[in-house]
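Below: one structure, written as structure tokens.
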Amino acid sequence: MSDSSPVPTPVLEVWCELQCPDCRRALDDLRALRARYGDRLELRLRHFPLEKHKHAFAAAQAAEEALEQGRGWEYVEAVLGRVEELDRRGEPFLVEVAGELGLDAEELDTALIDGRHILIVDADQAEGKAIGVTGTPTYVIGGERLDGGKSQAGLRERIERIADRLLADGA
């Protein structure tokens, strides 16, 4: 009797902060990974807002609302692409980006006010600290933690090697 259970999809956890210039620089790698692996690799957004960025916690909550509305990564990329505007304008900018993407901006604004996603962001941050995340971006795949905050050089290749190994092991 053979085991016909589906092969588990490897998960790349991306510990990110939406006011982080290093996370913006990581976008090209994330796009390349999505293009290479498609549905064979799950990119999972994890939040690690840093205290030095005053709008990062609100941005993480806004990203969770965008995820709930089905456009999470698109929202993350849009906000990261305009980090300076987030620095200057804060929450009104987060709501504006939602509207530009066709999300329910009013609902996103309400989510920021009522704090419905705070527990998710807090839990991510606590888990990140527990596994040794100290800055962003940090990646976790196959039990390995890769710190992209110091340097992005060679990171995508390391992630690809691990993902390829996990996919080969699961096949």
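The values are calculated or read from the model by the stated rules, or taken from the named source; none is laboratory data. What you see is a predicted model; the values in this text were computed from it and never measured. Note that each Cβ is placed from the backbone with ideal geometry, even for glycine, and that neighbours are counted across all protein chains shown. Keep in mind that these areas ignore ligands, DNA and RNA; they rest on the heavy atoms of the full protein, side chains included. Shrake-Rupley method; radii C 1.70, N 1.55, O 1.52, S 1.80 Å.
Taking the stretch 151-165 as the range and being open to solvent by 50 Å² or more (accessible area, probe 1.4 Å) and either assigned to a loop (DSSP other than H, G, I, E, B) or in contact with a Gly (Cβ under 6 Å, 6 or more places away or on another chain) (or both) as the test, the residues that pass are Ser151, Ala153.
Residues are listed down the side, and each one gets a yes or a no for (1) more than 16 Å from the chain's Cα centre (by Cα); (2) of a type in the set (Phe, Trp, Tyr); (3) closer than 17 Å to Glu17 by Cβ:
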site: Glu74; (1), (2), (3): no, no, no
site: Val79; (1), (2), (3): no, no, yes
site: Ala105; (1), (2), (3): yes, no, no
site: Arg116; (1), (2), (3): yes, no, no
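Residues in the stretch 10-25 that are under 12 Å from the mean Cα position of the chain (by Cα), surrounded by fewer than 23 Cβ atoms within 10 Å (Cβ to Cβ) and assigned to a helix (DSSP H, G or I): Arg24 only.
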